[in-house]
Amino acid sequence: PPAPPCAFVIFGASGDLTRRLLIPALYNLAASGLLSDGFRIIGVARGEMSAEDFKAGLEKGLQEFATQKVDAATAKWLLNCVSYIVGDVDDPATYQKLKAELEKLEASGHTQGNRLFYCATPPQAFAPIALRLGEAGLSDEGEDNTPWRRVIIEKPFGTSLESAKELNRKLLSVLDEDQIFRIDHYLGKETVQNILVLRFANGLFEPIWNRNHIDHVQITVAETVDVGTRGKFYDATGALRDMVPNHLFQLLSLVAMEPPARFDANSVRSEKAEALDSIRIPSTEEALFQSVRAQYRGGKIGDKEITAYRKSPDVNPGSTTETYAALKLEIDNWRWAGVPFYLRTGKALSKRRTEIAIKFKQAPVSMFRHMKLDEFGENLMVIEIQPEEGIKWLFNAKVPGPKVEIASVGMTFEYKDYFEAAPSTGYETLIYDCMMGDAILYQRADGVEAGWRAVEPFLTAWKEAGAEGIATYEAGSEGPAESEELLLTDSRRWRSIT
Ligand code: BG6
């Protein structure tokens, strides 16, 4: 069904996110009949321009970034929904103009008073926007949440446990938890959402999904993109903060969580937060021993020359910011005690690949006397998140012939063999769910804080160690040799990303 009517207010409306993702996503929702006639968009940004100019910019963006062929009538309908307000998010006057515009729409009977405020701004603006909305009374809901008022907060949500807590405190001083939608775009990916279905709509996996049968788990988010023009943001952030407490921990918590009592936002999010809360907090020495950080040197990816990280624009030439991070984490609960979770992510690597590899224990003894257990291939389940989308099993089979020879073989499920899905931006489901009031794919305050708590020891240890202990790797390689060592110490190996 179409989502209920609402005013979709975008702060940061002239930015990249709006053009590249939000408008194309709204277009896709409109094309699927999921926006109601009473849907309206209000853009808020600092640039002086007319609503017509603003719309023209959006239209250009849509043509450039649409994931489907743009149908002229649908695009026209969407752009007709748009109005524009010039204003600084820090200026109370902006919110008075916004109030007038909202009240005008509401008086004309369009949006039924429902308001979705999307913070597509730099992170420093998240708290000020919420506080000003509160001050101006724009985010107060009616009785029984009718009309509703919701705020979507983009990433990054804080830069440390303390700053995330502080941001939560500020948001919660003016909003209720169920009005706050903290986005993590990994949860918009079909392959990520499918982890829940794979685990909890099948009886097959649950009996073996534990320490009795699983040896360890590897979570890899390998990227070929380099720092590019994001030097300013990235050099202050690093691979760990940019990727681990959010995207990699989404994957980890979906794999590690206990079955929720119900498929609803609070049950699912409680179990996810519980899983993150069970991650053992290492001491500073342990954190150093259980992690690798590295920076890429110059190199080549395919035919493309990659400039060394330290020579990239807006990056400090003496920077100690990591572009690659690998961690070994332990989850201290009954299901996972003794099963390490190895996580790695990096930029400027040889291949783009996001996957979760679950390594099962080998057969208990070898009946094939001429082969030792460690000569068998691995028993592995690989959940492929992107760009390949599917699930792969690796196991052993007999090589045909008179002798018993054993080889590793595979079985693969690929989404594209079963389902036809129009390409999307990954934001459609998230935006639609927010309009429907379903927060299952959004992060709750406790989940975000549990994520930061788990990475904090690594951040502290690395900060204390400074330039000491930061490895390097060639751009276009699989990452630093030190990362191999992290697993070799445990007599294990990373899967190759190529
Ligand atoms: C963003 C990070 O959140 O996620 C980027 O800031 C990263 O550095 C991106 O490249 C990865 O997203 P995806 O969907 O391409 O895996």
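For Ser270, the criteria (1) farther than 30 Å from Leu29 by Cβ; (2) among the hydroxyl-bearing types (Ser, Thr, Tyr); (3) away from the ligand (no atom under 15 Å from the Cβ) hold in every case but one, which is (1).
This table checks each residue for (1) open to solvent by 30 Å² or more (accessible area, probe 1.4 Å); (2) away from the ligand (no atom under 16 Å from the Cβ); (3) over 19 Å from the mean Cα position of the chain (by Cα); (4) free of Cβ contacts under 8 Å to residues at least 24 places away in the same chain.
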residue	(1), (2), (3), (4)
Phe205	no, yes, yes, yes
Asp215	yes, yes, yes, no
Thr224	yes, no, no, no
Asp242	no, no, no, no
Thr284	yes, yes, yes, no
Ser291	no, yes, yes, no
Lys300	yes, yes, yes, no
Lys304	yes, yes, yes, yes
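Those helices (runs of 4 or more DSSP H) of the stretch 188-304 in which 3 or more residues are more than 21 Å from Lys351 (Cα to Cα) occupy 190-200, 231-235, 249-256, 265-277, 284-289. Does the stretch 195-203 contain any residue that is open to solvent by 10 Å² or more (accessible area, probe 1.4 Å), at pLDDT 95 or above and polar (S, T, N, Q)? Yes - at least one qualifying residue is present in the stretch 195-203. Of Asp433, Asp417, Asp446, all but one fail to be within 30 Å of Thr111 (Cβ to Cβ) and among the acidic types (Asp, Glu); the exception is Asp433. In this structure, is Lys155 open to solvent by 40 Å² or more (accessible area, probe 1.4 Å), assigned to a helix (DSSP H, G or I) and basic (Lys, Arg)? Answer is no for this residue. For the stretch 102-136, residues that are crowded, with 18+ Cβ neighbours inside 10 Å and of a type in the set (Lys, Arg) total 2. Looking for something closer than 27 Å to Lys155 by Cβ and modelled with pLDDT under 95 - is there at least one such residue anywhere in the stretch 440-454? No - not one qualifying residue is present in the stretch 440-454.
Within the stretch 353-368, residues that are over 15 Å from Phe395 (Cα atoms) reach no partner that is outside any loop (DSSP other than H, G, I, E, B) and open to solvent by 80 Å² or more (accessible area, probe 1.4 Å) with beta carbons closer than 6 Å at six or more positions or on different chains. Within the stretch 351-364, one or more residues are within 16 Å of the ligand (Cβ to nearest atom), in contact with a Pro (Cβ under 7 Å, 6 or more places away or on another chain) and open to solvent by 50 Å² or more (accessible area, probe 1.4 Å). Taking the numbered list (1) within 16 Å of the ligand (Cβ to nearest atom); (2) open to solvent by less than 20 Å² (accessible area, probe 1.4 Å); (3) more than 19 Å from the chain's Cα centre (by Cα); (4) among the basic types (Lys, Arg) in turn, Arg182 passes all entries but (3).
If the condition is being aromatic (Phe, Trp, Tyr) and either under 18 Å from Lys104 (Cα atoms) or open to solvent by 40 Å² or more (accessible area, probe 1.4 Å) (or both), then the stretch 26-58 contributes only Phe39. Just one of the listed residues (Thr191, Thr229) is within 16 Å of the ligand (Cβ to nearest atom), among the hydroxyl-bearing types (Ser, Thr, Tyr) and buried (at least 16 other Cβ atoms within 10 Å of the Cβ), namely Thr191.
For the stretch 430-462, a residue qualifies if it is open to solvent by 20 Å² or more (accessible area, probe 1.4 Å), among the aliphatic types (A, V, I, L, M) and under 30 Å from Thr320 (Cβ atoms), and exactly one does: Leu459.
The values are calculated or read from the model by the stated rules, or taken from the named source; none is laboratory data. If you're wondering where the values come from, they're calculated on a predicted model, not measured in any experiment. Using ideal geometry, Cβ is built from the backbone for each residue, glycine included, and neighbour counts are taken over all protein chains shown. Accessible surface is based on the protein model in full, side chains and every heavy atom, while ligands, DNA and RNA are left aside. Shrake-Rupley method; radii C 1.70, N 1.55, O 1.52, S 1.80 Å.
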